[in-house]
Amino acid sequence: MPTRASNALIIDAHVHIFPDAVAGKAIANMEKHSGLKMATDGTLSGLTRSMAAGGIAYVVTLPVSTRPDQVPGINRHALSLKAPGVIPFGSLHPQYSNFRDEIRRLADSGIRGVKMHPDHQSFWVDDPPLFPLYEALADSGLILALHAGGNINLPDPARGTPERLADVIKRFPGLKIIAAHLGGWRHWDQVERHLAGLPFWMDLSFVLGHCPMEQVVRIIRRHGAEKILFGTDSPWVDQARAVADWKQSPFTPREKQAFFWDNAVVLLDLPGPVKRFKHKAPDDIQSQ
């Protein structure tokens, strides 16, 4: 069952924190290069306060290693996180040569997935040299959470475009993929054209205010609400504000229950009540 008292069952599948010793520097750097004010101080304690304010039962933390030598230390930090409701993912880097042993270590330790970021880690998501890593992840059962589309604080070209991601999804049907930012930040026309409906999950982080709501609705209903996960990208976005905004969105109560809670419970194998979403055609949903 959820570890936090709440009137709502909510899982945030996309947040970031940093070790206390470097959180201040990381947050200052993020604010400097984006021009945005972060919603937390980047620490675990700051995140847990934000969870309480937003009525959020679980979060998934997504660390990024910008150099291959950072992978073991970042994963040690992930394994050390023991706060109630916090589900840590690990990190992999495309140039980390010992990825098979690291994947095995994470899986054996109960970690549910890893985060990779094509732009911060300088790889094209469909580069063939990455295929052995994708195969190892698929064999392990670990989830691959990927940044998708453009970046607010990095220049183009985006390395994880919908077209490239679609190729990976089709090549590796056994690989469980979560594509952040509704499949491709500010590449949403291409998401509609190349990704919507394929067998993978999208999260909702950093979407509202950047993508027209009409297109958000169209993408989610074309893709299937059973493959959508609520996410905020905290500390980039305030969790309580994001929960309130998505509660006011024009989705049915059943769709909201699916992306706020049910889908993540099933994907992450969490305890708690769940009713699997039964996909309906967009016309059927709109007529309810």
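Some notes on this structure:
- So ALA23, is it surrounded by 14 or more Cβ atoms within 10 Å (Cβ to Cβ), farther than 27 Å from PRO129 by Cβ, touching a Ser or Thr at 6+ places or on another chain (Cβ under 6 Å) and free of Cβ contacts under 8 Å to residues at least 40 places away in the same chain: yes
- Residue in segment 142-170 that is surrounded by the fewest Cβ atoms within 10 Å (Cβ to Cβ), counting only those that are under 14 Å from PHE200 (Cα atoms) and small (Gly, Ala, Ser): ALA166
- Scope segment 31-45; condition surrounded by fewer than 19 Cβ atoms within 10 Å (Cβ to Cβ), of a type in the set (Gly, Ala, Ser) and either assigned to a helix (DSSP H, G or I) or in contact with a helix residue (DSSP H, G or I) (Cβ under 6 Å, 6 or more places away or on another chain) (or both); matching residues: SER34, SER45
- Identity of the residue in segment 88-99, surrounded by fewer than 20 Cβ atoms within 10 Å (Cβ to Cβ) and touching a residue at least 24 places away in the same chain (Cβ under 8 Å), that ends up nearest to LEU130 (Cα to Cα): PRO94
- The set of residues in segment 245-262 that are over 19 Å from VAL86 (Cβ atoms) and either under 15 Å from the mean Cα position of the chain (by Cα) or of a type in the set (A, V, I, L, M) (or both) comprises ALA258, PHE259.
- In segment 139-164, of all residues being β-branched (Val, Ile, Thr) and at pLDDT 95 or above, the one that is nearest to the chain's Cα centre (by Cα) corresponds to ILE143.
- If you check ARG104, ARG49, ARG67, ARG76 for being basic (Lys, Arg) and within 19 Å of LEU146 (Cα to Cα), only one passes: ARG67.
- Residue within segment 52-69 that is crowded, with 20+ Cβ neighbours inside 10 Å and among the aromatic types (Phe, Trp, Tyr) present: yes
Here's the yes/no breakdown for (1) in contact with a strand residue (DSSP E or B) (Cβ under 8 Å, 6 or more places away or on another chain); (2) part of a strand (DSSP E or B); (3) free of Cβ contacts under 8 Å to residues at least 40 places away in the same chain; (4) not hydrophobic (A, V, I, L, M, F, W, C):
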residue: ARG76; (1), (2), (3), (4): no, no, yes, yes
residue: LYS82; (1), (2), (3), (4): no, no, yes, yes
residue: ASP101; (1), (2), (3), (4): no, no, yes, yes
residue: GLN121; (1), (2), (3), (4): no, no, no, yes
residue: PRO129; (1), (2), (3), (4): no, no, yes, yes
residue: PRO132; (1), (2), (3), (4): no, no, yes, yes
residue: LEU144; (1), (2), (3), (4): yes, yes, yes, no
residue: ASN153; (1), (2), (3), (4): no, no, no, yes
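- Evaluation of LEU182 against (1) closer than 25 Å to ILE11 by Cβ; (2) touching a Lys or Arg at 6+ places or on another chain (Cβ under 9 Å) (one fails), failing number: (2)
The values are calculated or read from the model by the stated rules, or taken from the named source; none is laboratory data. For clarity, every value in this text was computed on a predicted model and none was experimentally measured. Neighbour counts run over all protein chains shown; Cβ positions are idealised from the backbone, glycine included.
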